[in-house]
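Trainee: Next up is a structure, given as structure tokens.
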Amino acid sequence: MPVLRLRGIHKSYRLGAHEVPALRGVDLELQRGEMLALTGPSGGGKSTLLNIAGLIDRADAGYVELRGRALAALPEREATLIRRDAIGFVFQGFNLVPVMTVWDNVDYALLLAGVPAPQRRERVQAVLQAVGLAAHAQHRPDALSGGQRQRVAIARALVKRPTLVIADEPTASLDSDTADQVLALMREQAERAGAAFLLATHDERLLARCDRVLRLRDGRILPENAALQAA
Ligand SMILES: Nc1ncnc2c1ncn2[C@@H]1O[C@H](COP(=O)(O)OP(=O)(O)O)[C@@H](O)[C@H]1O
Ligand SMILES: [Mg+2]
């Protein structure tokens, strides 16, 4: 059973009197342990697709299934629980809580999910170590560089041990060494915990390490060999 299955996804945005089509019939399957990258020109529909896969936004038409469970008719309350417990997000703008320390930003997801304190301590410590930020645990995000904030965002997504990780340009502000560390961490999580990664990226380092690359243009997925030619 795939972690994520999308069928015939359509989505338009309304801009005044205009309909802006963002996705025009997207099919996609993501398997356990798989790292799948979406690439392609700006405006192609990548972020829209990530938002739908992450249950942040709903499709106008089409079928969404997470671990065999159909999500279209799911009440918002249940979608919120799945988002909270089963999906990790890494956004371009990091979305860290500025008044919380690094530790608390990462811990917060586990607190919400009701994980007991001793386990939280262990898991937060381990993930901060893994992203190289153990020494910055008591700092606030505004005391960190862009790359460090990005690693906090990644730690926060991974600490939940999510089924699915959604990441929009996750390595955009990382130097090569840090990007390598972060990629290794994601790969380890994919292999050890069977997490599936759905990424939007232009980063060649990341594209080269994903299991599969799909190119989105004008709201459609291009055939896979077209993606290779364009890369
Ligand atoms: N909130 C929005 N309101 C109106 N149009 C939007 C909105 N978000 C995205 N779009 C439009 O939808 C299309 C796909 O955008 P997006 O999913 O952001 O693509 P990408 O992430 O590949 O750059 C573009 O034409 C974009 O202008
Ligand atoms: Mg985008």
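The values are calculated or read from the model by the stated rules, or taken from the named source; none is laboratory data. Quantities reported herein were computed from a predicted structural model and do not represent experimental measurements. With ideal geometry, Cβ positions are generated from the backbone for all residues, glycine too; neighbour counts draw on all protein chains shown. Heavy atoms of the whole protein, side chains included, go into the accessibility calculation; ligands, DNA and RNA do not. Shrake-Rupley method; radii C 1.70, N 1.55, O 1.52, S 1.80 Å.
Trainee: Please list, in chain and number order, the residues 5+ apart from V90 or on another chain whose amide H is under 5 Å from its amide H, with Hs placed from the backbone.
Mentor: Counting only residues 5 or more places away or on other chains, the set is I166, A167, D168.
Trainee: Then there's this: Only four residue types carry charge here, +1 at the Cβ of Lys and Arg and -1 at the Cβ of Asp and Glu. Report the dipole size of the chain about the Cα centre in Debye, rounded to the nearest 20.
Mentor: 460
Trainee: Oh, and also: Report, to the nearest 10°, how far helix 176-193 tilts away from the longest principal axis of the Cα atoms in the chain, using its own Cα long axis and a range of 0 to 90°.
Mentor: Computed tilt is about 80 degrees.
Trainee: With all protein chains present, calculate the accessible area of L112 using a 1.4 Å probe and round the result to the nearest 10 Å².
Mentor: Here the residue's solvent-accessible area equals roughly 90 Å².
Trainee: Something else: Between S176 and E78, what is the FRET efficiency for a Förster distance of 35 Å, r being their Cβ-Cβ separation, to the nearest 0.05?
Mentor: 0.30
Trainee: Given a 1.4 Å probe and the protein chains all in place, what does the accessible area of Y108 round to, in Å² to the nearest 10?
Mentor: It works out to around 100 Å².
Trainee: Between H139 and A17, with labels modelled 7 Å along Cα→Cβ, what's the label distance in nm to one decimal, could you check?
Mentor: It works out to 5.3 nm between the two label points.
Trainee: Using 0.36 nm per residue of separation minus the Cα-Cα distance, give me the extension gain between Q129 and L111 in nm, one decimal.
Mentor: My answer for the length gained is 4.5 nm.
Trainee: Right, another one. So, in Å, what gap is there between the alpha-carbon centers of the range 68-135 and the range 151-202?
Mentor: Distance between centres, Cα-based: 13 Å.
Trainee: With a 1.4 Å probe and all protein chains kept in place, how much accessible area does F89 have, in Å² rounded to the nearest 10?
Mentor: Solvent-accessible area, nearest 10 Å²: 30 Å².
Trainee: Which order do you get for M1, M186, M100 if you rank them by accessible area with a 1.4 Å probe, largest at the top?
Mentor: Sorted descending by solvent-accessible area, the residues read M1, M100, M186.
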